[in-house]
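Let me begin by presenting the structure, written as structure tokens, before commenting on it.
The values are calculated or read from the model by the stated rules, or taken from the named source; none is laboratory data. Because the structure is a prediction, the values reported are computed rather than measured. Cβ atoms come from the backbone with ideal geometry, glycine included; neighbour counts cover every protein chain shown. Ligands, DNA and RNA are stripped out before the accessible areas are found, and what is left, the full protein with its side chains, is counted by its heavy atoms. Shrake-Rupley method; radii C 1.70, N 1.55, O 1.52, S 1.80 Å.
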Amino acid sequence: MKALILEDDVLLADLIETVVDGLYPGGAVFVTPSVATALEHWSKNGADLMIIDWNLPDGSGLDLVKAVRENDADSAIVMISGRADRDSVLKAEHYGISGYISKPFDVSLLHERLTALVDPDDVQAAIQPDLDELLRTSMDSVIQLPAAFEAVKVVELLERRDDLSVSQLTERWSAEVALATRLLDVANSASLQKTGEPVKNLKDAIASMGVDRALQQAMALSLDISGQLRDSRLAGIAAGFVDTSRKVASEAERIALRVDADHSEVHTAALLSRVGELAVLKVMQQFLDRKGSIADDQIEHGLQAWAQSYGNRLKVQWHLPLQLRELTGAVHFLPRDATSEAKLIMRASALMVDGESHGEECLRLLRRLGLNDHSLESHDG
């Protein structure tokens with residue numbers, strides 16, 4: 001099942017992608033705001049289902065409809081537009097669309113129209129699952145981690161954390177139940193509890209730990225997808241990656257404080273260092289939902305083959321600053337001649353968590369950081 005979504009409203013595009021992904025799990029969904037890009041993608045890959053906006057920054061969605069119908073009379077095409085007048089609907093129908101939905105619309109209506117055009121049961125029955133093919137095609141879609149809180153939202157906030165206040169974060173997160181629960185739990189932990197009185201609301205929780213630490217907790221929650229993976233093997237592996245990234249973050253922060261470096265930056269980078277693996281596990285769960293089967297060695301092979309590519313894709317998709325991208329990469333590999341203090345911290349922290357604190361590479365990195373007194377022993381964070 002291949003779907004193409006042409007929509008320039010980012011929030012609406014994400015909503016449509018979520019609906020399509022839910023109806024046709026494991027399908028390849030390509031999302032773009034550009035008519036030219038949509039035409040290019042369709043000409044190379046085709047599509048079984050297309051959901052197309054009318055007015056786009058670089059032209060009309062009808063141009064895509066016309067191009068498709070000149071070569072393909074069967075694929076389902078749904079036009080979504082703010083135009084609700086009869087003439088507009090008739091014009092779109094003249095081009096050969098399969099359905100028309102006026103903005104604004106209810107999600108239930110979209111769900112109903114898509115189901116009527118492309119029966120999810122028929123799609124699933126026709127699918128011959130192939131894990132490598134799914135991992136390859138899913139690289140073209142918008143990758144969303146199935147956590148309780150969206151990582152991209154935290155990334156956006158981290159970019160302007162110096163300008164955020166406790167009140168602003170409280171207002172933004174007031175409806176995020178999972179995040180509020182996490183922050184209250186952390187604020188009431190022994191390490192933060194100074195007064196002996198419990199923290200009772202979100203604002204006080206954020207105030208007690210500070211904006212920066214609250215953002216770090218939000219990032220950690222946004223990457224914890226283990227509870228959303230139904231396969232116990234995938235869930236266990238995801239939990240292990242999340243735990244490792246947290247330990248590296250703690251170690252990196254500890255070293256940064258010793259050398260008077262930016263501890264917040266390295267902490268964030270370490271938390272993000274396993275996003276590629278988490279995205280691969282998410283696709284593997286989709287594959288299982290399509291009635292595929294995965295052996296243990298296939299899980300290991302898939303992670304080795306695709307984690308880096310998915311990680312790079314997410315870094316671009318989330319618009320991570322170049323410095324942050326490079327720091328996450330330094331967790332896994334660092335050239336011997338690297339000079340960046342933050343990168344040295346990242347790699348040394350990863351080695352220490354891996355139990356290689358007395359190895360030649362780790363000791364060399366610590367010496368370059370001015371930490372050759374063996375006082376930094378790896379710990380559980």
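Simple rule: put +1 on each Lys or Arg Cβ and -1 on each Asp or Glu Cβ in the chain, find the dipole, and look at VAL35, HIS111, PRO321; the Cα lying farthest toward the positive end is PRO321.
Relative to the Cα centre, the charge distribution of region 1-157, modelled as +1 at Lys and Arg Cβ and -1 at Asp and Glu Cβ, gives a dipole magnitude of about 300 debye. Count the net charge of all other residues whose Cβ sits under 11 Å from the Cβ of SER222, scoring Lys and Arg as +1 and Asp and Glu as -1. Around SER222, the surrounding residues sum to -1. Excluding residues on the same chain fewer than 8 positions from LYS203, give the lysines whose Cα lies under 22 Å from its Cα. Within the straight-line limit of under 22 Å, LYS203 reaches these lysines: LYS153, LYS194. Positive end of the charge dipole of region 1-66 (Lys, Arg +1 and Asp, Glu -1 on Cβ, about the Cα centre): tell me which of LEU6, SER60, ASN45 has its Cα farthest that way. Checked the options; the winner is ASN45.
Remark: the chain carries a charge dipole of roughly 660 debye about the Cα centre, counting +1 on each Lys and Arg Cβ and -1 on each Asp and Glu Cβ. Could you check which residue among ALA151, ALA330, ALA92 shows the biggest mean-square fluctuation in a GNM of the chain with a 10 Å Cα cutoff? Highest fluctuation among the options: ALA92.
In loop segments of region 330-368 as defined by DSSP, the trypsin sites (Lys or Arg not before Pro) with at most 15 further C-beta atoms inside 10 Å of their C-beta are ARG336. Partners of LYS343 within straight-line reach, counting lysines whose Cα lies under 24 Å from its Cα and excluding those fewer than 8 residues away in the same chain: LYS247, LYS315.
For the residue pairs LYS103/LYS291; LYS2/LYS66; LYS200/LYS282; LYS66/LYS103, alpha carbon separations beyond 27 Å are given by LYS103/LYS291; LYS200/LYS282.
Using the 1.4 Å probe convention, the accessible area of region 1-113 works out to 46 Å² per residue with neighbouring protein chains retained. Fully extending the segment from ALA175 to VAL107 would add 22.4 nm, taking 0.36 nm per residue of separation and subtracting the current Cα-Cα distance. Taking 7 Å steps out from each Cα toward its Cβ at ASP85 and ARG69 produces label points 2.0 nm apart. Taking 0.36 nm per residue of sequence separation and removing the Cα-Cα distance, the TYR95/PHE333 pair yields an extension gain of 80.4 nm.
Which of the trypsin sites (Lys or Arg not before Pro) found in region 116-179 are loop residues per DSSP with 14 or fewer other Cβ atoms within 10 Å of their Cβ? Sparse-neighbourhood loop trypsin sites (Lys or Arg not before Pro): ARG160.
Rounded, prolate or oblate for region 260-334? Axes are the square roots of the Cα gyration tensor eigenvalues, ordered a ≥ b ≥ c, and the cut-off for rounded is a/c under 1.5. In terms of gyration-tensor shape, prolate.
[x] 1.03; [y] 1.08; [z] 0.98: which one is Rg/Rh (Cα atoms, Kirkwood Rh) as calculated from this entry? Checked against the structure: label [x]. What does the C-alpha gyration tensor say about the overall shape of region 250-381? Classify as rounded when a/c is under 1.5, otherwise prolate if a/b is larger than b/c, or oblate. Cα axes put region 250-381 in the prolate bin.
Once you have a ≥ b ≥ c as the square roots of the Cα gyration tensor eigenvalues for region 158-268, tell me rounded if a/c is under 1.5, and otherwise prolate or oblate according to whether a/b is larger than b/c. Verdict is oblate for region 158-268. Summarising the label geometry, the points placed 7 Å from Cα in the beta-carbon direction at ASN201 and GLU356 lie 5.0 nm from one another. Farthest towards the positive end of the charge dipole of region 143-218, among the residues THR170, VAL154, GLN144, is the Cα of THR170, using unit charges on the Cβ of Lys, Arg, Asp and Glu. At a 1.4 Å probe, what is the % contribution of carbon and sulfur to the accessible area of region 1-141? C and S atoms contribute 49 percent here.
Calculated mean residue ellipticity, 222 nm, the chain: -18000 deg cm²/dmol, from DSSP H runs (n ≥ 4) at -39500 (n - 2.57) each, averaged per residue and rounded to 500. For the chain, modelled as a GNM whose springs connect Cα atoms under 10 angstrom apart, the maximal fluctuation among SER250, SER349, SER108 occurs at SER108.
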